[in-house]
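**Q** My structure is below; once you've seen it, I'll send some questions.
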Amino acid sequence: MNETKVLARLGVAVLGLCMAGVVVVAERPDFTGVWGNYRAPGAGPPQRGAPAAPLPLKPEAKAKVDAYHALVDSRGETPGGFCLGTGMPGSMLGSGGYPMEIVQHDDLIIVVFEAHAEIRRIYLGEPAKEEDLFPDRNGYSLGRWDGDKLIVETTHLKEAVDQGRYPHSEDAKVVEEYTLVTNDDGTRVLTSKMTLTDPAFYTQTITAEKKWQFLPGVRLLPYECNEPTWEAHLDELRQQQHGGHAGQ
Amino acid sequence: MNRSAWLALALAVVAPSAAIAHHSAIRFDLTIRDNMVTGIVKEWVPANPHTKIVLEVTDEKGTRDIEYEGHSRNNYYRGGWRDGMVNVGDKITLNAAPTRDGSDGGYALGVITADGTRF
């Protein structure tokens, strides 16, 4: 069969499908499972390397961020050190190197980060009413499928100068595009391309990419970060109680 | 991901950035990776974001209890630690990054248990 005949038959087949009302829809991938930082085959452990390039912060925003770092850097203190979750976009871009678990439903995708048991919800149905929303470290995320890509828009973020890489204002908007591929070696790789738009903080949009790899057989562990602090508090109360009784 | 890969990830990514609640990893010189300390376990509290370890150590300064910070319980778990591997009274060795100012203490990058198990 020559090429012309093949193309003609293919055209007839496509026309037939269209006339029959058949719509070809890209299959939605299932992100459900536990994921860890992607490491390319043969790559060594992550390196701490050179400092990241300066961010295009506006002067007022830079002053806020610098003031924050002047406050904590010499002490080495971080939100995580005080058992506080990372918040967006840092949660999705790393979360301290710990794994995350995705539970995918038709109308909701739940992302559980092991670090600090931080949870992010991506709603896929109708958006919430504006009056029902309030600022949060992970914001409000609304997703939609574009073929086999998941597009997620996050708003209602709290101003966060304590973000490790991308501090932002409360007006920030984060758009992520998720795609899932399977490498030749069978590794399933989830890629997120992020665009941060925040005219209050930045002179231009920020883009970043993050890759995760599926971790078969790995379970997320509990992360009760405040437990030692609570137990220390109880010990203190017991000592006070003991002291009070001793004085009576 | 195997155990050593998890531990490498923990060493490279988590240790320098996190800090125990109301404490800070900046006190430790994490560039020193070969300092070994042996002592008797007085406290072993596997926790997040960091494990608390108190050892009775004897050296040229005498015998005393020294508190060390360690990786998170979760990272030790992925490095091979399991509940019951370290107990009060055990003689263990820490691969501990020392304090920057030379005072007692350190950051436990790795542990060798009484029976020689490493994590």
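**Q** For the condition surrounded by fewer than 21 Cβ atoms within 10 Å (Cβ to Cβ), out of contact with any Cys (no Cβ under 6 Å at 6 or more places or on another chain) and on the phi > 0 side of the Ramachandran plot, what is the one hit in A:Gly147, A:Gly125?
**A** A:Gly147
**Q** Just give me the residues in segment A:95-114 being of a type outside the set (Val, Ile, Thr) and either in a helix (DSSP H, G or I) or surrounded by fewer than 21 Cβ atoms within 10 Å (Cβ to Cβ) (or both), in sequence order.
**A** Selection gives A:Ser95, A:Gly96, A:Gly97, A:Glu101, A:Gln104, A:His105, A:Asp106, A:Asp107, A:Leu108.
**Q** Which number in (1) in contact with a strand residue (DSSP E or B) (Cβ under 8 Å, 6 or more places away or on another chain); (2) surrounded by 15 or more Cβ atoms within 10 Å (Cβ to Cβ); (3) away from chain B (no Cβ under 13 Å) marks the one condition that A:Val161 misses?
**A** With (1) in contact with a strand residue (DSSP E or B) (Cβ under 8 Å, 6 or more places away or on another chain); (2) surrounded by 15 or more Cβ atoms within 10 Å (Cβ to Cβ); (3) away from chain B (no Cβ under 13 Å) applied to A:Val161, the lone miss is (1).
**Q** Considering (1) more than 22 Å from A:Pro79 (Cα to Cα); (2) assigned to a strand (DSSP E or B), say which one A:Pro199 fails and leave the rest.
**A** Every condition holds for A:Pro199 apart from (2).
Yes or no, residue by residue, for (1) in contact with a Leu (Cβ under 9 Å, 6 or more places away or on another chain); (2) loosely packed, with under 13 Cβ neighbours inside 10 Å; (3) away from chain B (no Cβ under 14 Å):
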{"site": "A:Val175", "(1), (2), (3)": "yes, no, yes"}
{"site": "A:Ala200", "(1), (2), (3)": "no, no, yes"}
{"site": "A:Lys210", "(1), (2), (3)": "yes, no, no"}
{"site": "A:Gln213", "(1), (2), (3)": "yes, no, no"}
{"site": "A:Leu220", "(1), (2), (3)": "no, no, no"}
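**Q** Quick one: in segment A:70-97, which of the residues that are free of Cβ contacts under 8 Å to residues at least 60 places away in the same chain and among the hydroxyl-bearing types (Ser, Thr, Tyr) is nearest to the other protein chains (Cβ to nearest Cβ)?
**A** Per the stated criteria, the residue is A:Ser74.
**Q** What pairs can you find where one residue is in segment A:193-206 and within 13 Å of A:Val65 (Cβ to Cβ) and at pLDDT 95 or above, the other is of a type in the set (Ser, Thr, Tyr) and buried (at least 19 other Cβ atoms within 10 Å of the Cβ), and their Cβ atoms are less than 7 Å apart, with a gap of 6+ or different chains?
**A** Listed pairs, sorted by first residue: A:Asp198/A:Ser169; A:Ala200/A:Ser169; A:Phe201/A:Ser169.
**Q** Can you find even one residue in segment A:170-189 that is touching a strand residue (DSSP E or B) at 6+ places or on another chain (Cβ under 8 Å), under 25 Å from A:Tyr223 (Cβ atoms) and in a loop (DSSP other than H, G, I, E, B)?
**A** Within segment A:170-189 (the criterion being touching a strand residue (DSSP E or B) at 6+ places or on another chain (Cβ under 8 Å), under 25 Å from A:Tyr223 (Cβ atoms) and in a loop (DSSP other than H, G, I, E, B)), the answer is no, since none of the residues qualifies.
**Q** Right, something else. Among the listed residues A:Thr182, A:Thr191, which satisfies the condition of being surrounded by 13 or more Cβ atoms within 10 Å (Cβ to Cβ) and among the polar types (S, T, N, Q)?
**A** A:Thr191
**Q** A further question follows. Within the group B:Glu56, B:Glu67, B:Glu43, which residue is free of Cβ contacts under 8 Å to residues at least 24 places away in the same chain and more than 29 Å from A:Gly36 (Cα to Cα)?
**A** B:Glu56
**Q** While we're on this one: Need pairs with beta-carbon distance below 8 Å; first residue within 14 Å of chain B (Cβ to nearest Cβ) and free of Cβ contacts under 8 Å to residues at least 60 places away in the same chain and within segment A:102-117, second surrounded by fewer than 20 Cβ atoms within 10 Å (Cβ to Cβ) and not in a loop (DSSP other than H, G, I, E, B); sequence gap 6+ or separate chains.
**A** These pairs meet every condition: A:Phe113/A:Ile119.
**Q** Looking at the structure I just gave you, is A:Met92 under 22 Å from A:Gly143 (Cβ atoms), of a type in the set (A, V, I, L, M) and part of a loop (DSSP other than H, G, I, E, B)?
**A** Spelling it out, it is not the case that A:Met92 is under 22 Å from A:Gly143 (Cβ atoms), of a type in the set (A, V, I, L, M) and part of a loop (DSSP other than H, G, I, E, B).
**Q** To continue, here is another question. Please tell me if A:Glu231 is assigned to a strand (DSSP E or B) and either touching an Asp or Glu at 6+ places or on another chain (Cβ under 9 Å) or not hydroxyl-bearing (Ser, Thr, Tyr) (or both).
**A** No: the conditions fail for A:Glu231.
**Q** Could you count how many residues in segment B:75-119 are of a type outside the set (A, V, I, L, M) and farther than 24 Å from A:Leu220 by Cβ?
**A** So the answer is 21.
**Q** Would you tally the residues in segment B:23-78 being over 21 Å from B:Gly116 (Cα atoms), surrounded by fewer than 20 Cβ atoms within 10 Å (Cβ to Cβ) and touching a helix residue (DSSP H, G or I) at 6+ places or on another chain (Cβ under 8 Å)?
**A** Residues in segment B:23-78 being over 21 Å from B:Gly116 (Cα atoms), surrounded by fewer than 20 Cβ atoms within 10 Å (Cβ to Cβ) and touching a helix residue (DSSP H, G or I) at 6+ places or on another chain (Cβ under 8 Å): 3 in total.
The values are calculated or read from the model by the stated rules, or taken from the named source; none is laboratory data. Every value quoted in this text rests on a predicted model; they were computed, and no experiment measured them. Cβ sites come from the backbone with ideal geometry, for glycine too, and all protein chains shown count toward neighbours.
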